[in-house]
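Only one structure is covered here, and it is reproduced in the block below.
The values are calculated or read from the model by the stated rules, or taken from the named source; none is laboratory data. Keep in mind that what you see is a predicted model, and the values were worked out from it rather than measured. Every residue, glycine among them, receives a Cβ derived from its backbone with ideal geometry; neighbour counts consider all protein chains shown. Keep in mind that these areas ignore ligands, DNA and RNA; they rest on the heavy atoms of the full protein, side chains included. Shrake-Rupley method; radii C 1.70, N 1.55, O 1.52, S 1.80 Å.
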Amino acid sequence: LCRGGLAERLCRLQNRERSAISFWRHQCISDGKIPSDKSGVLIVKILEIFEECTIQVAICQQLEQSPATLSPEDAVINAEEPILKVLFTRETAAHLKSRPQDVIHIYPPWQKLLLQNADVPVIMNTYFSQKVLLNEHSEAREKTYDLTKMLIRKNIISLAQTFRFDDLDDKLHQESSDNQVPCAPQTHNNADSKQHPSALSAVNDSLLEMVESQGAVGWREVQVRVVIQRVYCLPAREGYRSHTQGNKPLLSNGGMFCRLCLLVQDAYGMFSEVQLQSLGSTDDIEQYCRRWEGKSCCLAGMKILQRTTRGRALGLFSLIDSLWPPVVPVKVPGQSQDSEMMTTNLPPPSFCYILTVQSGEIHVEVDEEEQISNLYQPPAVHGLKEILRIDGCNERCSFWAQVIYRRLQSKHNVPIDQRETLLFVTDSTLQNVAHGIPKVVAVSVTASCVLSVEIIEALSAGSRLVFFKDALWGNGRIICVERTVLLLQKPLLCSAAGADLSELTGPVRLDELDSTTQASSICALRGTVVGVNESTAFSWPTCNRCGNGKLELCPQDRELLYCNRCSEVVTTPVLKMQLEVFLSCPSRSQSAVKVKVWDEMTLFVLLTMLLFLQTYEVQSVLGKEVGLLNCYVHSVTSHPNCVVLEEIVLL
């Protein structure tokens, strides 16, 4: 909205109005009584209710004062008291749940509108309204009404009638009982929807029209047909448990509960994110991606969780932008829907509605047997070499790569389940390049990226080919964030765009340490031993069964070690050792290169053998050449000029 413009001012006014209404209703509920101030209060008794253009119209009789002791049915009405036509918005009507014979108090600032050539005044601005329950009989009737549904007549007003066309067909404004729909909240299941075809008979193709016509309270008598563009999981809020099946969560990410979500698009190109609360199955996310993506589905029983914009949800809109413009022409609101009037020359969406299901309602019906929709845009798969050359920032990208090493970032002030994980990946497009482009790329997996149990177990077992769908590229980094999905199988539908996706045939090669090597990367190292830091060398015992390095003294026998993980005494511990070695490397002749080595590593075994043969004389290993060693780069500093590495074992 333009700053200071009429639209922005109107938006602020509407926000203040909604806040005032919510506060007033909350105050009435908290006080548990009708506000005592009766000045300016309009008291009416409802005679008849119908709906017109999403507004509830109540034909009412004005009362001088509310009956103090009688129920609304017994209230004596003076025939001379005026008849009023009171308008209630959908939200106000849902709050009041009014029926004929109910007495309503309407508090200021209501307004009376006198129409030309009409005898009945119209009452508007009825947001501050309250139903009066006068005695126990009324309260009992109210509870009974909540369990039953009431049919409200809908007056269908055509555009021809609105603009008073002369050739109007009289049949267009005939009122019929077929137009009656339930106004009270209902709970449907598949059997109920078959028995009551009028409850979910209307199918729309516009998300925006549904939001505008049905409001934020929920869609109860209509469905919206959309296409599922993406399926992914999002971390659930703290304390969220409504998505569980019994005592088992749908998915968990290292103990973090997750929610299955759909990014859907309607025939007009508008997107919405649907957050599902529960599913009838606990299949892996990969199965839902293969079964649902690209298929059409009908949404019903939705409610608006949030209306978000680009400034509030950069991650969501970076995914939406990767799916824009649509691959087929979309409809344009307000224009003829003939094929020649459809166009894709539209600006990208600037807002998106976050929807969630209402408990007990029919929410998502996916036709898995249906053909893939023409509106569906499968992920465009690129080689890593091509991705590294993208100039843009916050661009979504998909690629197929070999994971050769993974490392949890060690930040002591951050809990383990919130730390980033680095996955070092490569593909044939990088391995076959001579110079200028790294042979291995680090992919940062943030804590908000939900990894399935299958992915975690596969990466723990060894090196795997992984499909990264909708990762984020920007500022020279590839990041897996919210709405990024990692799969072990390539999707059935994906666009390769001429990229070389052939699998690796030989051993993985790393870039050698040189002046361009950066921290938090992996490289190959060769050089000459120039020193061993004996002061920092240390060893520690570990459990010979589970490898636990935190052994304790046995309480019964202080000369033995005890493993808390195995809950047993360790009689034959395995000794682990760490050593720091200084190397002279031709590729970084001006830098001091310090390598941390562990037992069972190549360099450690070599040095141990040499030291043993020379009766542990450090001078015996100086000048010995080593390499190629696979190393992780901890830090690169210029003052002092030093590179700190750690020898590693690739997956």
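Residue by residue, the range 480-489 carries 3J(HN,Hα) couplings of 9, 10, 4, 6, 8, 10, 9, 10, 8, 10 Hz when phi is fed to the Karplus relation 6.51 cos²θ - 1.76 cosθ + 1.60 (θ = phi - 60°); x denotes Gly or Pro. Backbone amide hydrogens, once placed in the peptide plane, bring Gln223 within less than 5 Å of Ala202, Val203, Asn204, excluding anything fewer than 5 places away on its chain. Carbon-plus-sulfur accessible fraction, the range 460-556 (probe radius 1.4 Å, protein heavy atoms only): 48%. Taking θ as phi - 60° and the Karplus parameters 6.51, -1.76 and 1.60, the scalar couplings of the range 82-94 work out to x, 8, 10, 10, 9, 9, 10, 5, 4, 5, 5, 5, 5 Hz in sequence order, x denoting glycine and proline. Taking every protein chain into account, the accessible area of the range 395-496 amounts to 42 square angstrom per residue (probe 1.4 Å). Annotation: amide H-H contacts under 5 Å for Gln101 (H modelled 1.01 Å from N, sequence separation of 5 or more, or interchain): Ile46, Leu47. With a Förster radius of 30 Å applied to the beta-carbon distance between Val332 and Leu10, the computed FRET efficiency rounds to 0.75.
A protection proxy built from the mean count of other Cβ atoms within 10 Å ranks the segments 545-555, 290-300, most packed first, as 290-300, 545-555.
Here the 3J(HN,Hα) profile of the range 525-540, calculated from phi with Karplus coefficients 6.51, -1.76 and 1.60 at θ = phi - 60°, is 10, 9, x, 10, 5, 10, x, 10, 7, 6, 5, 9, 5, 8, 9, 8 Hz, Gly and Pro shown as x. Take 636-649, 585-598 and order them by the average number of nearby Cβ atoms within 10 Å per residue, most first; the result is 585-598, 636-649. Near Lys490, no amide H atom lies under 5 Å from its own; only residues 5 or more places off or on other chains count, and H is placed 1.01 Å from N. Contact order for the range 395-496, expressed relative to its length and based on alpha carbon pairs under 8 Å spaced 6+ residues apart, stands at 31 percent. Each peptide in 319-328, 388-397, 481-490 was scored by the mean count of other Cβ atoms within 10 Å over its residues; highest first, the order is 481-490, 319-328, 388-397.
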